[in-house]
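What follows is a single structure, written as structure tokens, with notes after it.
The values are calculated or read from the model by the stated rules, or taken from the named source; none is laboratory data. Values in this document were obtained by computation on a predicted structure and should not be read as measured data. We place every Cβ from the backbone using ideal geometry, glycine too, and count neighbours over all the protein chains shown. Accessible surface areas use protein heavy atoms only, side chains included; no ligands, DNA or RNA. Shrake-Rupley method; radii C 1.70, N 1.55, O 1.52, S 1.80 Å.
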Amino acid sequence: MVENTNPSSLWQTVRKALPKPPASLATINGAISFEDKAQVLRQTFFPYNGLPPQHQPSESLEGFHTVTQEEVRKALEVIPPNSAPGDDTLPPAIWIRLHKIRPDILIHMTDWSLGSCMLPTILKRVLTMVIPKPGKPDYLVPKAYRMISLLPTLSKTIEHVALTRMIVFAPNCLSPLQFACRKGYSPLDAVHLILEKVHKASNDKLYSPALFLDVQGAFDKVLH
């Protein structure tokens, strides 16, 4: 089969050789019905840790300025126009078109959300898709699946406008050794830093011990 493979069909050949995940969700931890499977996955990926502490937003708007058309436009440009919509079923292309025709609508909604320090509950509703992880030996356990959360496009737009404003303060709030999720930084920078320290220690006839930590389900357990 490999001998007859050309570069254009090489990926298809590799995919055929890998174990195929089930087309539909199999029985998970003994759960058969859709509702029971959803409950099992919910308990695994979103364990209940008690009520979260109530957050009281600051009433001070010092330094706040009205959202501009340019801010909303740049936020929409970050979102791929063909990305999957959230629970509102409105794809980004609709909001991009609306902003070109009536920019005041998105500007006023975003400005109200940031100015009032509130995000309506309807914009917090997440549409969660369950995707089987490829190559897993057993699809009868929840850990063989992963979740993809889809937020409403309007929620993403407000989020990007807020992020753009907050990122200005990042250098004063983040460690200089924070490489992930920072513009101008990458995992390669972290690798180069480690290699530099290892080479320096080796030249000085010293050892280079390292401790690597992986927090299981860290993202799922953080208060968002």
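Among residues of segment 78-89 that are in a loop (DSSP other than H, G, I, E, B), those with a Cβ under 7 angstrom from a residue that is open to solvent by 40 Å² or more (accessible area, probe 1.4 Å) and of a type in the set (Lys, Arg), sequence gap 6+ or separate chain, pair up as ILE79/LYS156; ASP87/ARG125. Listed conditions (1) on the phi > 0 side of the Ramachandran plot; (2) free of Cβ contacts under 8 Å to residues at least 24 places away in the same chain are all met by THR121, apart from (1).
Take the conditions (1) under 23 Å from GLU70 (Cβ atoms); (2) open to solvent by 30 Å² or more (accessible area, probe 1.4 Å); (3) among the hydrophobic types (A, V, I, L, M, F, W, C); ILE107 misses just one of them, which is (2).
Per-residue answers, yes or no, for (1) at pLDDT below 80; (2) of a type in the set (Lys, Arg):
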residue: ILE148; (1), (2): no, no
residue: PRO152; (1), (2): no, no
residue: LYS156; (1), (2): no, yes
residue: ASN172; (1), (2): yes, no
residue: PRO176; (1), (2): no, no
residue: GLY184; (1), (2): no, no
residue: ASP189; (1), (2): no, no
residue: LYS197; (1), (2): no, yes
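Considering every residue within segment 73-81, establish whether at least one is of a type in the set (A, V, I, L, M) and at pLDDT below 85. Checking segment 73-81: not a single residue is of a type in the set (A, V, I, L, M) and at pLDDT below 85.
So that you can scan it fast, the table gives a plain yes or no per residue for (1) without any contact (Cβ under 8 Å) to a residue 12 or more places away in the chain; (2) farther than 23 Å from LYS74 by Cα; (3) out of contact with any Asp or Glu (no Cβ under 9 Å at 6 or more places or on another chain):
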site: ILE105; (1), (2), (3): yes, no, yes
site: PRO134; (1), (2), (3): no, yes, yes
site: PRO152; (1), (2), (3): no, no, no
site: THR164; (1), (2), (3): no, no, no
site: ALA170; (1), (2), (3): no, no, yes
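Whether a residue is surrounded by 14 or more Cβ atoms within 10 Å (Cβ to Cβ) and under 29 Å from THR27 (Cβ atoms) was assessed, and VAL67 does not pass this test.
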